[in-house]
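So the structure is just underneath, and the comments pick up after that.
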Amino acid sequence: VSSYFPDSDEFICVLSVLYSGEARVKTEVQAGPLYRVLGSPLYITCSVSGFRSENTDKHFEFRMTKPSNPNFEIQIISSNDDNFGYSNHQSRVRKNEIALKRLSPNSVRFEIKSLLKDDEGEYECTAVNLEGAYDGEYSAKTVVKVIEDSLSVSSSASTPLSLNEGEALTLTCLASSSTSQHTHLSVAWYLHKDGQEDAQPIISLNRDFTLSPGQGFERRYQAGLIRLDKLGEATYNLQIAKVEPSDRGRIYCQAQEWIQDPDGSWYIIIQKIAEEMTLTVKATGWKHFIDFVVEPSSPSLAVEISAQPAALQEGQELMLSCDINTQDVEKRFFSVAWLKGSVELARIGPTGVLTVAPVYSVRQKNGELRAARSGNGNYRLILKPVRTEDQGEYTCRVWPQERGQDDAFIEGEAKDSSPQRVSISTTDTLMEVSLISRKNQVTVGEKLELMCRVRGPHMPVTVTWSVQREAKTPDTILTLSPDGTISWSGDQNHYQLRVESRKTEVIYYLLVIGTSHREGGNYQCNVSVLLKNVHKELKASNQLAVIVNNPVSRLDVSPIPALTRNMNTDITIKCSIVTKTSESSLYSITWLHEENAGNKTIVSLDRNSIVTESQTDLSQRISMRRSTGPTFELTIRQARISDKGSYTCKVGEWLQDPRGEWYLLSTVSKSTVLTITEPANDLRLDKKEQQLTAKEGEEVELNCNITSGASGSSVFYGVIWRYAAHSSSLKNASLVELDHTGLVSYPDNKDIRGLQERLRLSRPTQKSFYLSIQKAHEEDSGTYWCQVDQYQLDNKAHWQLKASDSGGAIKLSVKVTGMITLLEVFCWDPNSIAILGGLFLYSYWFWGGIGLYELRILVIYRNSTLQHRFEENVRLRYDHPDPSQFSLTFLNPGPENSGLYFCEVEEWLPSLSRGWRKVAVEKSGHFNVSVLTEGRHVLTHLVVSLSDANAVSECNTTTYTIVIVVLIIIVVVILLLMFKVCRSKGSQGKKSTPSLWAESLPMNNKPSGDD
């Protein structure tokens, strides 16, 4: 434990907190707000409890924050640091205008001698912690409100006044306050005698509307010789029926304004006195006329009784006066009794001792019955409040009392007064309660004043105010007790109360400085009279309906023009406020869209711009923003046809009532019509017919292009490639489909399954669709075309087909043909003419005699095998020096080998689907060969060359030149042959040679050195 808590005191503190489970130190100040008058003193008591040492003086610090800058803390005064306060308060502390008085070791009182308006704010009292560890609340706050001084006091008489003893004195004091706070006034009259330091009160009307006589004035007050009456709202009259010499001095009235703090205590926020009036009372001497009577032992005795008043209401005060008229009345003793009928109520003995009949003893204890000697020969009995059973005839009975030598009294003969009739009416018939108001229709924020008028005698009453809102049960607002105590119900403390006492009635005012809708309803006041310690309910007042109206609204919204927009564009509809009722107004906004003959709410925002309702299916496309003005903008992104129709902007203006509650003042709506135009269906595809030729095995690319059509994020396209074969029944087969969502599918068709496996789709642009055929087959030949479908989403997220079109036909021909275009035969030593190679050829050599038939003499197959048709003595040599040249050589030909020679070449290629196949056949031109018989060693060399047609076409001029040259050579050769023939005829007789084709001379299969 010591490793965690090296300080044992801290360890004990922690354990204490864990054990108690609650804070130890607590700092408290008076609860606020505290309303104080400008220029009056301010007292704030601050106390702390929970420190370990209760008897040690604690130090306190006071700070404040002002409403204009609640985040800036101002230091005022400290009990242990003289320089604690800021400069603006430090100077007042030095002048003792601000002080801190210690009340006990654990409490102080913060004092400001004279409040300034700048002293308003939130005050914080902090108890300085000197114990190290913190455990609890070391500061407390209260709010001080500084209000203006609205109390005024004045007196009607300020000049000195001189009266004779026994004369009447009447003085008037005017006291009133116009503060907006709920306050009470108390008024007192004071007498300041010469030579005395303090003035003594004559009579006062307390804040709870009760009268209290001052010390030394009780007798005359009880005798009704001193009165204080309130007339109207601000008039207080002092009446002294008979002034006495002791009344000399300076008389003045003092008014005090009271307010009830949140803790329930009453506090004097301001008091003022009126001008003093100096009173002088002259004493008068008594002239005693003594007539000596012949029979002094039997003086005459007269007794009179009077009732004030003789007719009164239940609950009022009844005073029965008994006056004794006899000689030397001031020197004699009497016993006086009051009787109601034959029943004695009370008796005052010769020494002034009061005895009360048992039936009235309870009322005496409760203060309802009082009796006393008020003067020489004058006795009074007071009943208050009177009851209905007190009605009847009263008699005063007097017994003279003579004192004997043993000081015992000897009772003489009784003398009764004549009866006095007293009539008492019930309060139900004599008191009337009514509720009136100067106006029962008010606007929010206006003042409301209700008057509960109680007509009849002044009696202790309890007044209860209630209000019934809507169809609910009535809510009690407040209850005013006879002693002036006000009890508030619930949160009704925003009401104020004022009482005005008149001669025949008392008016109880219920005030609301700033009304709100909460104050609307049916009001009623109920009055009960306190009789026999029981509250007797009077008939309730009439109900008064108070209607709280909204102020006239000035809200107006600018018209919204009709809009026509294209589909798939962003649309903004503006709703602007032109005029408003108040700069502090807030606005709620609702956008409606007419749909199926009814309005559907698109989006709704409350006055705090919080979305309260919206369509979830539109949340991705609909948005709303507020700009200056204010202007509310509804934006529809990528508008659809379903967005067309009537749009309504519904604006609600909200104001704040005096209670801080917001209410809807008015609503203004403006509508517009939105027209959505759908672009014309201009989907067009390239209709141009295309002719494509490709070699088998190559990759073929087919193009499908959209020449015109809608574009945008809401437009989607799908494509279908179709195929019609040339040599089969397939006429409209679907090859492959790319739908608008990007899904590729291959329709099931066994006839084109092989082709489908070699297809590849691509889309280089939004409006281009390419189909590639990999390793094209001859069977792929045919007609291809594309079909493009245009789709769009509707307002329910369903795809809708908007347009469809087909592209032009693409006729594809896949060739397996070779490259043979021309065969030439040369009969000279071969000079290779290079053409494209890589072909497998099938070659035939033919010989045809003149006028005879064609004879196939040599066949060279594509696998390089040979087959010849000559006899064994014919020696042939075949040569294939390059892929495009074939050579046939006759070794030792004879004249029988003369003739027309030509060759035929077949081109064979491997087909991807059918194996090897003949793709081309070409024949060369005929070539006349003549074999002369001069010698056997003749070499005939036939060369066949494959030439490119393009090369031939490009070299036509050269060919013509060669032909001419060849013709010239042929002519020269013919001439030479003729010359040689002629010579051979000349020498024929000398020598004979064998024939070239003689079978007796077989072909030399072995080439000679000349070969």
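What follows draws every value from the coordinates through simple rules; no lab data is involved. Note that the coordinates shown come from a computational prediction; the quantities given were computed from them, not determined experimentally. In this analysis, Cβ positions are derived from the backbone assuming ideal geometry, glycine residues included, and neighbour counts consider all displayed protein chains.
Annotations for the structure displayed:
- Listed by chain and number, the lysines whose alpha-carbon sits under 17 Å from that of Lys503, ignoring those within fewer than 8 places in the same chain, are Lys230.
- Alpha-carbon centroids, region 391-445 and region 732-778: separation in whole Å: 122 Å
- The simple spin-label model puts a point 7 Å past each Cα toward its Cβ; for Glu393 and Ser627 those points are separated by 10.0 nm.
- Rotationally averaged projected area of region 8-147 (alpha carbon convex hull; nm²): 9.1 nm²
- When restricted to Cα atoms, region 603-669 yields an Rg and a Dmax of 14.6, 49 Å, respectively.
- Counting every other Cβ atom within 10 Å of each residue's Cβ, Arg659, Arg52 order from fewest to most as Arg52, Arg659.
- Each Lys and Arg contributes +1 and each Asp and Glu -1, all at the Cβ; summed about the Cα centre of region 684-815, the dipole is approximately 260 debye.
- The Cβ shell under 9 Å around Val398 holds other residues with a net charge of +1, Lys and Arg each +1, Asp and Glu each -1.
- Computed from the Cβ-Cβ distance with R0 of 22 Å, the FRET efficiency linking Arg877 to Lys980 stands at 0.25.
- On full extension, the segment bounded by Thr667 and Thr326 gains 113.8 nm, given 0.36 nm per residue less the C-alpha separation.
- Going by neighbour counts of Cβ atoms within 10 Å, the residues Tyr746, Tyr587 line up, fewest first, as Tyr746, Tyr587.
- Spatial separation of Cα centroids for region 589-661 and region 213-271, in angstrom: 67 Å
- Under 24 Å from Lys650, Cα to Cα: lysines that are on another chain or at least 8 residues apart: Lys574, Lys580, Lys600, Lys670
- The HN-Hα couplings worked out from phi for region 435-443 by the Karplus form 6.51 cos²θ - 1.76 cosθ + 1.60 (θ = phi - 60°) are 10, 9, 7, 5, 7, 9, 10, 10, 9 Hz, whole numbers, x standing for Gly and Pro.
- Using the Cβ-Cβ distance between Ser114 and Asn80 with R0 set to 30 Å, the FRET efficiency from 1/(1 + (r/R0)^6) comes to roughly 0.70.
- Taking region 8-147 and dividing mean pair separation by its residue count, relative contact order in percent (alpha carbons under 8 Å, at least six apart): 35 percent
- Once the Cα-Cα distance is subtracted from the 0.36 nm per residue extended length, the Ser87 to Thr170 segment shows a gain of 24.5 nm.
- Calculated FRET efficiency, His517 to Asp261, Cβ-Cβ distance, R0 = 30 Å: about 0.50 to the nearest 0.05.
- Note on Ser306 and Asp483: the model spin-label points, each 7 Å out from Cα along the C-beta direction, lie 3.6 nm apart.
- Distance between the modelled labels on Gln638 and Asn550, one decimal in nanometres: 4.0 nm (7 Å Cα→Cβ projection).
- Centroid-to-centroid separation of region 298-329 and region 87-154 [C-alpha atoms, Å]: 60 Å
- Shape descriptor for region 301-425: Rg over Rh equals 0.98 (Cα atoms; Rh from the Kirkwood inverse mean 1/r).
- When the convex hull of its Cα atoms is viewed from all sides, region 684-815 shows a mean projected area of 8.0 nm².
- When the GluC sites (Glu not before Pro) in region 464-562 are filtered for DSSP coil states and for at most 15 other beta-carbon atoms within 10 Å of their beta-carbon, the remaining sites are Glu470.
- Gain upon complete extension [Asn542, Leu743; 0.36 nm per residue less C-alpha separation]: 64.1 nm
- Kirkwood-based Rg to Rh ratio, region 151-282, C-alpha trace: 0.99
- Residues of type lysines that Lys331 reaches as a straight line, Cα spacing below 20 Å, ignoring anything fewer than 8 places off in the same chain: Lys287, Lys415
- Pairs spanning more than 28 Å between alpha-carbon atoms, out of Lys113/Lys141; Lys775/Lys802; Lys58/Lys95; Lys775/Lys918; Lys811/Lys918; Lys193/Lys272: Lys775/Lys802.
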